[in-house]
Amino acid sequence: MSADGAAVASARVDALPRVAAARRGRTFDWGTVVVHALLILCVAVIAFPLYYAFVISTQTVPEVLGRPPLLRPSGHMLENYAAAWQRSNMARLLLNSAVVAIASALGKIAISMLSAFAIVYFNFRGKSVAFWMIFVTLMLPVEVRIMSTYEVIGSIGWLNSYAGLTIPLMASATATFLFRQFYMTVPNELVEAAQLDGVGPLRFLWAFLLPLSWANIAALFVVLFIFGWNQYLWPLMITNTETMRVVVIGLQDLIPRTGTHVPEWNVMMAAAMMALLPPVAVILFMQRWFVKGLIESEK
Amino acid sequence: MKRAVFPNRLLPYLLVLPQIAVTGVFFFWPALESVRLSVFRTSPFGDKSFFVGLENFRKLLTSSEYYSSIVNSFLFAFGVTAIGLGAGLLVAALATQKIRGLAAYRTAVLWPYGIAPPIAGIIFLFIFHPSYGALPYWLSFVTSYEFNWLLKGWVAMALVIVATAWTHVGYNIAFFLAGLLAIPASVLEAASVDGAGAIRRFRSIIFPLLSPITFYLLVVNLIFSFFGSFGVIHAVTQGGPGRATEIMVFKVYNDGLIGLNLGSSAAQSVLLMLVVIALTAIQFRFVEKRVTYS
């Protein structure tokens, strides 16, 4: 929120000299034009790879391979997307990714809310040990415990299951810290008043804290959804059947490796567009929450 | 500090139980198991194992392959971080000049963060494709050098670095924007009244005030590119050509899950743990400082 608030404030400050300049008779400000031109150039450079991928996804194979590269869309979008959809079992891949992203995000939020609640609103023996354990998970990303985690999942029998894909991702130090931070800003009077009225802890969490937390929950959800959707090493390790693959991994079957396939880069790019659309759309449509979640979860 | 607390005795344990259970079973146990395995040599089928002390570490630290994976990891991490921070600061500094459209520009540069690095890698794989890609085609007008990532290690490294940095630049922009917008306009106006030009203002006022955020982003980008980089390598280069893009995280996976050399893979895990502990410690020392000073 701080970024948005500040943006609004500075926009107001900026409006004043602009109005003054306009009154002085539309002085043409070359500096502003240059800044806009540079920014548009930056945006174009950043957008180019995605634009190029989209363009390729609408072309036929001869168009894709033609020289010079054709940089405008062609008319074969539907057939390429249909081919990608069928060949990669896309419906199932997208479903699996959605399950992983949504379940791991919601699970993280729920688990973190509960443990932050315990840490802030109770005194109990071992509180600092619990806090320390949660903190240390930051230092144990899956990359540093690959083999042994694989064995643990195998011995529980969770390979190729949604439980294995989601539950181990649900511990989150950052989400716990975010809720802890937020609970500490909730005025003491609220708890005291609730306790005077005989409200128990679980009811306090449900009826008082939860309604206050929606903004944090929404912001965290957006960030965690993207994190979950884009998981790679974890699902690669613990799934090996086609029905349990997530989309980021499954679409690789379509990569035309040099010399072994007809180079159907158009179908590959169509699949890539389908795989990246959900998280990108979430960022675009929930941008306010996304920026809030990004910045606050790092505090 | 929160003084009002609930008196329940059992309830807090139940509340932290899910988090602690997940943490214990999927984080602590495997981590300890990695430490244990790192001092054993286990046969590929896991049926026999011998205690070998620090032999696995000794072998790693005397192997040139392991050194090259360390060098590659740092090259990759510094490359991604340099591009991400440089481009992020540039775009954020431009967008906070006194112009309209800040929100629109922010939207226009933020979205690549949603793209998984392996997917970005596939897109750049095509852009860099030696026979069909646009980049080698355009470069062929400038130079006769062959930009073939399948043959030249540094081109492959550039490919994965650029693809990863592309997905991460929006993150850096978001943080730099928040930092730049928090600088009071009055300070900058005072400086320009005193005759400081745009570049002088940036060097003497904006950059020093941004340095905490820059340092924070430096550490986060290093952690991200050190550990989050597995996917793009696995999807695009598989560590090749030769071992030019074999980074430490990829080698742990390859030696363990593919090569079934459990002892060596576990020893590598332990060494990576030390790296991440060091980086996280640096990050949190800095956060503590920021909290006390603000």
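Brief remarks follow.
- Of all residue pairs spaced 6 or more apart or on separate chains, none has beta-carbon atoms under 6 Å together with a first member in the range B:147-172 that is over 13 Å from B:Ile233 (Cα atoms) and a second member that is of a type in the set (Lys, Arg) and part of a helix (DSSP H, G or I).
- Scanning the range B:133-189 for residues that are at the interface with chain A (Cβ under 9 Å from one of its Cβ atoms), hydroxyl-bearing (Ser, Thr, Tyr) and touching a Leu at 6+ places or on another chain (Cβ under 8 Å) yields a single hit, B:Tyr171.
- Test for B:Ile119: is it within 16 Å of A:Ala47 (Cβ to Cβ) and either crowded, with 24+ Cβ neighbours inside 10 Å or touching a helix residue (DSSP H, G or I) at 6+ places or on another chain (Cβ under 7 Å) (or both): yes
- Hits in the range A:194-235 - residues which are of a type in the set (Gly, Ala, Ser) and surrounded by fewer than 13 Cβ atoms within 10 Å (Cβ to Cβ): A:Gly198, A:Ala207
- The range A:157-189, residues that are within 9 Å of chain B (Cβ to nearest Cβ) and over 22 Å from the mean Cα position of the chain (by Cα): A:Tyr183, A:Met184, A:Val186, A:Asn188, A:Glu189
- The C-beta contact set for the range B:22-41 (first residue more than 7 Å from chain A (Cβ to nearest Cβ), second residue among the β-branched types (Val, Ile, Thr), distance under 6 angstrom, 6+ apart or interchain) comprises B:Val35/B:Val270; B:Ser38/B:Val270; B:Arg41/B:Val52.
- Answer residue from the range A:225-264, given it is under 25 Å from A:Ala105 (Cβ atoms) and among the hydroxyl-bearing types (Ser, Thr, Tyr) and is farthest from the other protein chains (Cβ to nearest Cβ) among those: A:Thr243
- Applying a threshold of 6 Å to beta carbon distances and a minimum spacing of six or more residues, or different chains, the list of pairs starting in the range B:253-267 at a residue that is facing chain A (nearest Cβ under 7 Å) and over 15 Å from B:Asp47 (Cα atoms) and ending at one that is assigned to a loop (DSSP other than H, G, I, E, B) and at pLDDT 85 or above reads B:Ala266/B:Ser38.
- Reported count of residues in the range B:32-66, each being more than 27 Å from the chain's Cα centre (by Cα), surrounded by fewer than 16 Cβ atoms within 10 Å (Cβ to Cβ) and in a loop (DSSP other than H, G, I, E, B), is 8.
- Inside the range A:49-76, residues that are surrounded by fewer than 19 Cβ atoms within 10 Å (Cβ to Cβ) and either closer than 21 Å to A:Gly250 by Cβ or among the aromatic types (Phe, Trp, Tyr) (or both) make up a count of 2.
- First in the range A:121-136 and more than 7 Å from chain B (Cβ to nearest Cβ), second anywhere and at pLDDT 90 or above and surrounded by fewer than 16 Cβ atoms within 10 Å (Cβ to Cβ), Cβ under 8 Å, 6 or more apart: none
- Residue under evaluation B:Ser69, criteria (1) away from chain A (no Cβ under 14 Å); (2) within 27 Å of the chain's Cα centre (by Cα); (3) buried (at least 16 other Cβ atoms within 10 Å of the Cβ), criterion not met: (1)
- Enumeration of residues in the range B:231-245 that are at pLDDT 90 or above and in contact with an Asp or Glu (Cβ under 8 Å, 6 or more places away or on another chain): B:Ile233
The values are calculated or read from the model by the stated rules, or taken from the named source; none is laboratory data. Small disclaimer: the values here were computed from a predicted structure and weren't measured. When we count neighbours, we look across all protein chains shown, and the Cβ atoms used for this are built from the backbone with ideal geometry, even at glycine.
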